[in-house]
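The values are calculated or read from the model by the stated rules, or taken from the named source; none is laboratory data. Since we're looking at a predicted model, the values are computed, not measured. When we count neighbours, we look across all protein chains shown, and the Cβ atoms used for this are built from the backbone with ideal geometry, even at glycine. Only protein heavy atoms, including side chains, enter the accessible area calculation; ligands, DNA and RNA are left aside. Shrake-Rupley method; radii C 1.70, N 1.55, O 1.52, S 1.80 Å.
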Amino acid sequence: MIRVSPLHAVPDLPQPGRTLVIGVVNVTPDSFSDGGEFLDPAAAIAHGLDLLAEGADIIDVGGESTRPGAIRPEVPEELRRVIPVVGELAAAGACVSIDTMRAAVAAPAIAAGARLVNDVSGGKADPGMLNLVADSGVPFICMHWRGHSEDMQSKASYTDVVSEVIAELCTQLDEAVGAGVAMDKLIIDPGLGFAKTGEHNWQILERLEEFGVLKRPMVVGVSRKSFLGQLLAGADGSPRPAKQRDDATTALTTVLALRGVWGVRVHSVRASRDAIAVAQRLLSH
Ligand code: PMM
């Protein structure tokens with residue numbers, strides 16, 4: 001079996017000895033699969049508690065949609081969306097991750113109890129982010145990123161997507177370490193769908209073990225993404241709707257767990273836990 005890298009333990013985060021499940025709570029009006037459902041903080045908190053009960057190891061709370069073409073919220077609006085949700089879920093005992101590209105959101109989120117920063121720009125969108133992460137000492141998900149959602153798909157151009165994403169991630173990791181972030185707190189993410197076509201995503205998934213050269217634990221987010229909608233398109237060519245992509249997400253979760261990824265970021269937590277249990281059983285001998 002080809003493995004990405006051993007299941008690293010990341011300090012200060014859960015260490016269940018299997019691939020972690022990161023449950024998604026999007027407190028946004030416009031995320032592609034659940035936009036508007038959890039914009040009310042009370043609904044978002046209830047959803048986070050449901051995901052916790054289903055077995056999520058980490059709850060990832062985000063207030064900015066990153067769907068292609070999305071318009072960014074102002075900082076006060078992003079704060080209004082996420083801070084009460086982070087605070088309540090942390091108080092309920094959840095390990096909470098804050099999904100933001102802004103230091104001005106990450107800092108109060110950490111103060112409210114977030115234990116991990118998930119920055120889809122990997123520190124590139126906000127010059128203050130890496131210093132904040134270094135100073136606060138929390139682990140950091142460093143995702144491959146080429147630009148904001150409004151025009152990122154125009155940057156989906158590669159000669160060899162896998163080697164270029166690895167090289168660019170390597171630069172992003174160097175920047176983080178240069179800013180003072182401890183190497184053992186860094187988690188990588190290839191950023192599927194971010195400045196990448198469906199074909200690019202599949203090539204990355206096929207060659208995931210090449211990311212082992214970076215020697216960091218890896219998170220992968222495939223859940224309900226549009227390349228699965230394309231794969232499962234109907235006879236008329238129309239993509240499968242986002243909410244009907246969970247079975248394919250679960251199939252990929254099994255593959256990712258067999259390859260030893262550190263974490264999967266998913267909307268459907270129980271199904272992912274089941275898939276990981278199957279993979280774990282197969283890996284145990
Ligand atoms: N994808 C989305 C949002 N945040 N974070 C990480 N680390 N990796 C991802 O792939 C990722 C992310 C977009 O998906 P959503 O709108 O369903 O949350």
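At a glance:
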read-out	value
Positive-end residue of 145, 167, 73, charge dipole of the chain with Cβ unit charges	167
Cα extents of the chain along the three principal axes, largest first (Å)	43, 43, 42
Per-residue [θ]222 nm for the chain (sum of -39500 (n - 2.57) over DSSP H runs n ≥ 4, rounded to 500)	-12000 deg cm²/dmol
Where the stretch 121-220 is the region considered: accessible area per residue in Å², 1.4 Å probe	37 Å²
With DNA, RNA and ligands ignored, accessible area of residue 206 (1.4 Å probe; Å², nearest 10)	120 Å²
Point-charge dipole on Cβ atoms (K/R +1, D/E -1) for the stretch 136-229, about Cα centre, debye to 20	280 debye
Estimated distance in nm for a label pair at residue 8 and residue 74, the labels positioned 7 Å out from Cα along Cα-to-Cβ	3.9 nm
Fraction of accessible area attributable to carbon and sulfur, the chain (%, probe 1.4 Å)	54 percent
Between the stretch 8-30 and the stretch 131-152, the Cα center-to-center distance that results, in Å	16 Å
Charge dipole (debye, nearest 20) of the stretch 126-285; +1 at Cβ of Lys and Arg, -1 at Cβ of Asp and Glu	660 debye
Distance between modelled label sites at residue 199 and residue 167, nm, 7 Å Cα→Cβ extension	2.0 nm
Measure of compaction for the stretch 121-220 (Cα Rg per 2.2 N^0.38 Å)	1.04
Ordering of 28-34, 13-19 by burial proxy (mean other Cβ atoms within 10 Å per residue, highest first)	28-34, 13-19
Extended-chain gain in nm, criterion 0.36 nm per residue less alpha-carbon gap, residue 282 and residue 15	94.2 nm
Between the stretch 157-200 and the stretch 37-79, the Cα center-to-center distance that results, in Å	24 Å
Projected label distance in nm at residue 131 and residue 236, using a 7 Å step from Cα toward the beta-carbon	5.5 nm
